[in-house]
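Rule-based calculations on the coordinates, nothing more; no lab input. Computed from a predicted model, the values in this text were never measured in an experiment. With ideal geometry, Cβ positions are generated from the backbone for all residues, glycine too; neighbour counts draw on all protein chains shown.
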Amino acid sequence: MSNDLTRRYRGRFAPTPSGPLHFGSLVAALGSYLDARAAGGEWRVRIEDIDPPRCPEGAADTILRQLEAFGLAWDGNVRWQHRRHEAYQAALERLAAQGLAYPCSCSRKQWREHAVYPGWCRDGVCRPDAPVAWRLRSDLGEQPATFDDRRLGRIRLDPEALGDVVLKRKDDLFAYQLAVVVDDADQGITDVVRGEDLLDNTPWQRQLQRALGYPLPRYLHLPLLVAANGQKLSKQNFAPALATDADAIRRQLFCALQALDQSPPLELASYPVSEQLARATSQWSPSRLTRASTRAVPQEL
Ligand code: GLU
């Protein structure tokens with residue numbers, strides 16, 4: 001199925017609840033929210049909790065409360081991936097029937113000399129008695145993979161260099177690549193707006209969308225926020241926590257608009273979140289986003 005640009009815009013924010021949102025994830029949420037609202041579209045929230053050991057109790061609820069505090073109101077019900085195993089399994093079986101997904105008994109240790117998994121199980125599982133993961137045949141997709149990003153333009157990546165990504169793990173948990181594609185299609189997502197850290201995951205996702213006959217969404221990958229030491233913001237490197245009191249929330253929202261290159265007028269920083277968001281939506285211009293991959297976390301956070 002090809003792109004159907006006549007579908008009504010529907011975007012989403014799809015956090016993994018491995019902890020509360022930090023400033024970097026707020027910027028991604030805000031970018032996808034503004035893009036959806038400016039297009040008169042819907043904005044959904046999906047909690048990507050397919051890997052329970054990585055998702056501490058209560059983190060998803062904290063994320064939802066944080067979105068509310070920043071005025072980022074979503075449409076419809078929150079989608080929870082932990083309830084979707086049957087849909088992912090059905091998709092995996094369709095891929096296996098096409099010869100695009102294959103079982104793999106190899107362990108990371110066995111192929112540690114290689115940059116990516118060398119595909120040893122492609123033509124038959126190496127150790128039939130061992131537990132298996134399921135991998136995607138990256139050699140059978142478009143070569144090189146090309147797609148358009150609304151900020152970065154035409155992207156060309158070599159699927160062989162990216163390797164045969166895992167779709168289902170040996171412990172029976174489904175992997176992000178499969179779950180994200182199945183749910184984006186099931187939820188009718190037309191536009192994926194997310195951090196640039198996921199840019200090189202997109203070729204696998206396009207290959208899966210084509211193989212499963214899903215519509216291809218548009219992509220806008222947003223710049224990443226980096227700490228003073230140049231590292232991507234993460235829980236491990238002390239990303240500034242999101243504020244909980246009203247004044248600080250206003251300031252952080254304003255800083256997030258700056259990080260999205262929207263040059264908000266200074267007086268906006270003291271406006272209530274609803275007014276900041278209304279103004280930012282009416283003036284949202286993704287073409288102001290420069291191609292630089294990173295933005296420094298503002299000092300004032
Ligand atoms: N769950 C992913 C994350 O938190 C994002 C998924 C996506 O936007 O495609 O990094």
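So what does the Cα-only Debye profile of the range 76-145 read at q = 0.18, 0.29 Å⁻¹, as log10 I(q)/I(0), no solvent term?
For the requested q values the scattering log ratios are -0.83, -1.27.
Which whole number of Å³ per residue matches the convex hull of the alpha-carbon atoms in the range 25-135?
Hull volume over Cα atoms, normalised by residue count, gives 180 Å³.
How tilted is helix 202-211 with respect to the longest principal axis of the chain? Cα atoms for both, answer in degrees (0 to 90, nearest 10).
60 degrees
Under 1.5 on a/c is rounded, so check that first for the range 8-47, then, if it is not, pick prolate when a/b is larger than b/c and oblate when it is not; a ≥ b ≥ c are the square roots of the alpha carbon gyration tensor eigenvalues.
In terms of gyration-tensor shape, oblate.
Tell me which of Val180, Val125, Asn229 sits at the most positive position along the dipole axis of the chain, charges placed on C-beta atoms (Lys, Arg +1; Asp, Glu -1).
The one lying farthest along the dipole's positive direction is Val125.
Angle between the Cα long axis of helix 176-186 and the longest principal axis of the chain, 0 to 90 degrees, nearest 10?
70 degrees
Around Trp43, which amide H atoms from residues at least 5 apart in sequence, or from another chain, sit under 5 Å from its own amide H, with H modelled in the peptide plane?
Counting only residues 5 or more places away or on other chains, the set is Gly11, Asp75.
Please compute the contact order of the chain in relative form: average sequence separation of alpha-carbon pairs under 8 Å and at least six residues apart, divided by the residue count, as a percent.
It rounds to 23 percent for the chain.
For the range 60-188, what number results from the quotient of the Cα radius of gyration and 2.2 N^0.38 Å?
1.28
Tell me, in nm to one decimal, what length is gained between Arg169 and Asp148 on full extension, where the rule is 0.36 nm per residue of separation less the Cα-Cα distance?
Full-extension gain reported as 4.6 nm.
If you add up the charges near Leu162, with Lys and Arg at +1 and Asp and Glu at -1, over every other residue whose beta carbon is less than 13 angstrom from its beta carbon, what do you get?
Here the charged neighbours net out to -2.
What Rg and what Dmax come out for the chain when only alpha-carbon atoms are used, in angstroms?
Calculated on Cα positions, Rg and Dmax stand at 19.9, 66 Å.
Counting every Cα pair in the range 154-250, what percent are over 20 Å apart?
54 percent
Can you list residues whose amide H is under 5 Å from Leu224's amide H, if they're 5+ apart or on another chain and H is modeled 1.01 Å from N?
It is Glu196, Thr294, Arg295, by chain and number.
Just in the range 1-97: which GluC sites (Glu not before Pro) are loop by DSSP and have at most 13 other Cβ atoms within 10 Å?
Glu57
Just need the relative contact order of the range 58-180 here, percent rounded to a whole number, with Cα pairs under 8 Å and 6+ apart.
Contact order relative to length: 22 percent.
Taking the dipole about the Cα centre of the chain, with the C-beta of Lys and Arg at +1 and of Asp and Glu at -1, give me whichever of Cys106, Phe23, Ala241 is farthest to the positive side.
Cys106
Can you give me the convex hull volume of the Cα atoms of the range 1-88, divided per residue and expressed in Å³?
Spelled out: Cα convex hull of the range 1-88, divided by residues, is 118 Å³.
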